[in-house]
Amino acid sequence: MDAREPTASRRRRWLRWVIAVAAITCGIVWFRHVQEPYRETQKLHNLIQSLASRCPPDMEQTQWKIAVDWTNNLNGNSLVWGFKDGAAIRKHRQEIEARLQREVDMDTINWIWDRYAELCPAGSRYQQWRQVMLDEIAKISRSR
C-alpha cells in the first residue's frame, strides 16, 4: 500500500469540499443579484405607501390617496415588468428615500413621476397616466 494514499484521499475530499462551498457561495451571490430588483421595487412600494399618512395641508385626504395609489401603480408597472438593473433601482430608491425626508406635497409626487420617466422605458411610457391621476385629483376638488 502506498503511504501517500491517505494524503491524496484527504486532498481530494478537501478539494471537493472547497468546490462545494464555492458553488454554494456563487449560487447565493447569483440569487441575491437576481433578486435585487425585486427587493428594491418592494422597498420603493413601501416608501411610496408611507406617503399615505403624510397628506399635505393643501390637499384633501381623498386627493392624496389618489396621488399615492397612482404613484404606487407607476412603481409596479415600471419596474416589475422587465427592468432588472438592480443597481439603478437601488440608486433610484435612495434618491426617493432622501427626498421623502422633507415635507411632501404634489411637487414631491410629480418629482417621483419625473424620476421614473428618466429611470426606465416603462416609467417613461407610464407617464400617459399622469394626467389621468391629475384629472382625478382635480375632480375631487371641484365636487366639494
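State which residue pairs qualify: first residue under 14 Å from Arg102 (Cα atoms) and inside the stretch 49-63, second residue open to solvent by 40 Å² or more (accessible area, probe 1.4 Å) and in a loop (DSSP other than H, G, I, E, B) in any location, beta carbons under 6 Å apart, and separation of 6 or more residues or different chains. Once the first residue is under 14 Å from Arg102 (Cα atoms) and sits in the stretch 49-63, its partners that are open to solvent by 40 Å² or more (accessible area, probe 1.4 Å) and in a loop (DSSP other than H, G, I, E, B) give Pro56/Asp105. Candidates are the residues of the stretch 131-144 that are in contact (Cβ under 8 Å) with a residue 60 or more places away in the chain and open to solvent by 40 Å² or more (accessible area, probe 1.4 Å); the one that is farthest from Val80 (Cα to Cα) is Arg144.
Yes/no per residue for (1) aromatic (Phe, Trp, Tyr); (2) at pLDDT below 70; (3) in contact with a Ser or Thr (Cβ under 7 Å, 6 or more places away or on another chain):
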position	(1), (2), (3)
Thr7	no, no, no
Arg11	no, no, no
Val18	no, no, no
Ala23	no, yes, no
Trp30	yes, yes, no
His33	no, yes, no
Glu36	no, no, no
Asn46	no, no, no
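Any idea which residue in the stretch 105-130 is most open to solvent (accessible area, probe 1.4 Å), counting only those that are hydrophobic (A, V, I, L, M, F, W, C) and farther than 17 Å from His92 by Cα? Looking at the filtered set, the residue picked out is Trp129.
Mind telling me which of the residues Gly82, Gly76 ends up being closer than 19 Å to Ala52 by Cβ, among the small types (Gly, Ala, Ser) and in contact with a helix residue (DSSP H, G or I) (Cβ under 9 Å, 6 or more places away or on another chain)? That would be Gly76, the only listed residue that is closer than 19 Å to Ala52 by Cβ, among the small types (Gly, Ala, Ser) and in contact with a helix residue (DSSP H, G or I) (Cβ under 9 Å, 6 or more places away or on another chain).
Taking the stated definitions as given, is Arg90 open to solvent by 70 Å² or more (accessible area, probe 1.4 Å) and at pLDDT 95 or above? When the stated conditions are applied, Arg90 does not pass them.
The values are calculated or read from the model by the stated rules, or taken from the named source; none is laboratory data. Quantities reported herein were computed from a predicted structural model and do not represent experimental measurements. Don't worry about glycine lacking a Cβ; one is built from the backbone with ideal geometry, like all the others, and counts go over all protein chains shown. Keep in mind that these areas ignore ligands, DNA and RNA; they rest on the heavy atoms of the full protein, side chains included. Shrake-Rupley method; radii C 1.70, N 1.55, O 1.52, S 1.80 Å.
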